[in-house]
Each structure stands twice: as structure tokens, then as C-alpha cells.
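Bear in mind these aren't lab numbers, they're just calculated from the coordinates by the rules spelled out. Given the structure is predicted, the values throughout are model-derived calculations rather than measurements. Quick reminder, even Gly has a Cβ in these numbers, built from the backbone with ideal geometry, and neighbours come from all protein chains shown.
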Amino acid sequence: MGSIADSSLDKIREAIRNSNKQAAQGRPQYLIWEDRALHSDYEFIACPCGGLCWCKRNGCGGHYRLKEVTFERFLETYATLWTPNRRALRQAVLGGIRFKGRGQNAVEPLQWLSERWPSILGDVRRYDKCGLCDSSAPPLVTRVGIFNLWDAKIWSQLYYDSLIPFDYESKRKIKNAGYPDPTIDFLATNRELFGDLRKFSDSHGLGVRGLRDLDSPWTVEPQYRKSSVGQPLSRVVDKIFYIP
Ligand SMILES: [Zn+2]
Ligand SMILES: [Zn+2]
């Protein structure tokens, strides 16, 4: 996989389709959980941007934003999406019960988050941009920073339309495609990926909706509900590089 801007439309479509196909076959069924998370925990708000913003100039219909959910709810969705050790992760975060296994490094950042939840949720919900906007990253993230892939998954859940998640394998591919290492400078990686997505849209005349529709999981998994507003942008980028 080369960089997004240098790839053909067919190649990007195929990469995303392949990612969805693998996810639909895998266990746990990531696509089903992603669909549930999207419909239960997120809302789609009208695009607030001025006419000069790239998104607005490219037919933006709105942005995904986290609903006013409790921390327990956020944690449940996080655990469901990202680890098979769901119960163990929840118990570790909420009850301090130690566990070893996939997701153990998420415990500390999730506890950090739980201690600050109302204030962080407020900051998250005040941010109304998407990854394609001209503005830089959400100010909260710039302040706190991202150190590992479990942090990135947290921030991506908080800012579903603006920050990508990554994993060991997708990190390798992202670096091979010429982007900065996300564990060294996550915001630079994120910025360059979205910058390339804008270029990719310009080259192929896609617009915001066309970019969202590059991800169409319902074509590989019939249980997945077709979205009337398109898929979240972070997952469009993620699926170009991530194969379960
Ligand atoms: Zn917009
Ligand atoms: Zn915008």
C-alpha cells in the first residue's frame, strides 16, 4: 500500500472492502459491534463550518459526535470494540482487578479518563469539526498527547470523525506508506493522513460524502445497517491500512 494520495480509487476501495470482509468473518464480529456503537453512542450534527472550510466546500453534510454518555457506557463500547477480554477490562478499570491479556495497557489510560470524565466529555462535545476540516486537531488531544495504540483507540472513540485508531499491523503499513510513526507523533500522522484524504478526494471528485461512502460494510455484512449519512471518517482511513 502506497500513500493514500498516490493510490488509485480502485485500490483504496479494494483495501477497505477487504478490511470489512475480514472483519465480518472474524470473531468477535467487529463490524456488528461497530454498527451498534455508531447507532447507540454517536449523533450526527449539522456541519458548523464556514464556507471557506475544506469540508464545507466539498459538500459536507455534518459530523459525528459522541453523545452525552456515561463513562461506564463509553467503557463498555470500548471494551466491546477493541478486546476479547471485555469483562476483565471493565473489571480492571472500574474495580482495580488486575488482568493480563489483550487490552491490559488500556487500563491505565481508561482509569485516567474515568477520573476526568464529565470535564473531558464536555470538551469532546464542544469540538464540532471533522478530520477533513482545515483546523488542526481537537485542542484537548494536543494538550494530553497520545502514547500508545490503546490511547489512540480511546481518542478515536472520543473523536470518531477526527482521529484514527491504529494497531501494530496498521502502524507498520502506515509507516511503509511514508507517514510519520503514530507512536512518535500521532497528531502528525493523523494530520498527514487526513491531508492526503483531501487530496485523494480532489483527484477523484469524491467530496466528503464520497469519502465516507468508500467504507460500505453493508455490502459485505448484510446485518450492518446502511448509513444514511455515510461512515465515520476515522474508520475510512483506518480500514485502508487495517486488516483484522
Ligand atoms: Zn463539515
Ligand atoms: Zn469543516
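Quick notes
- With contacts taken as Cα pairs under 8 Å and at least 6 residues apart, the range 99-195 reaches a relative contact order of 25 percent.
- Toward the positive end of the charge dipole of the range 24-166, with +1 on the Cβ of Lys and Arg and -1 on the Cβ of Asp and Glu, the farthest Cα among Tyr64, Leu94, Tyr159 is that of Leu94.
- If only the Cβ of Lys and Arg carry +1 and only the Cβ of Asp and Glu carry -1, the dipole of the chain around its Cα centre is close to 380 debye.
- Whole-Å semi-axes of the ellipsoid equivalent to the range 1-107 (Cα gyration tensor, √5λ, descending): 32, 22, 13
- Magnitude of the charge dipole, the range 1-144, Cβ model with Lys/Arg +1 and Asp/Glu -1, debye to 20: 320
- For the range 129-171: relative contact order, % (alpha-carbon pairs under 8 angstrom, 6 or more apart): 38
- Diffusion coefficient, µm² s⁻¹, Stokes-Einstein with Kirkwood Rh over alpha-carbon pairs of the chain at 25 °C and 0.890 mPa s: 135
- Considering only alpha-carbon pairs that sit under 8 angstrom and 6 or more positions apart, the relative contact order computed for the chain is 30 percent.
- Comparing Asn85, Asn190, Asn20 in a Gaussian network model of the chain, where Cα atoms under 10 Å apart are tied by springs, the biggest mean-square fluctuation is seen for Asn85.
- Residue-count net charge about Ile97 - beta-carbon cut-off 13 Å; Lys, Arg +1, Asp, Glu -1: +4
- Rough spin-label spacing in nm, given labels placed 7 Å along Cα→Cβ, for Asn105 and Val69: 2.3
- Along the axis of the charge dipole computed for the chain (Cβ charges of +1 for Lys and Arg, -1 for Asp and Glu, origin at the Cα centre), the listed residues Val236, Gln111, Cys49 are led at the positive end by Gln111.
- With at most 16 other Cβ atoms within 10 Å, longest stretch of the chain clear of loop chymotrypsin sites (Phe, Trp or Tyr not before Pro) (DSSP): 1-98
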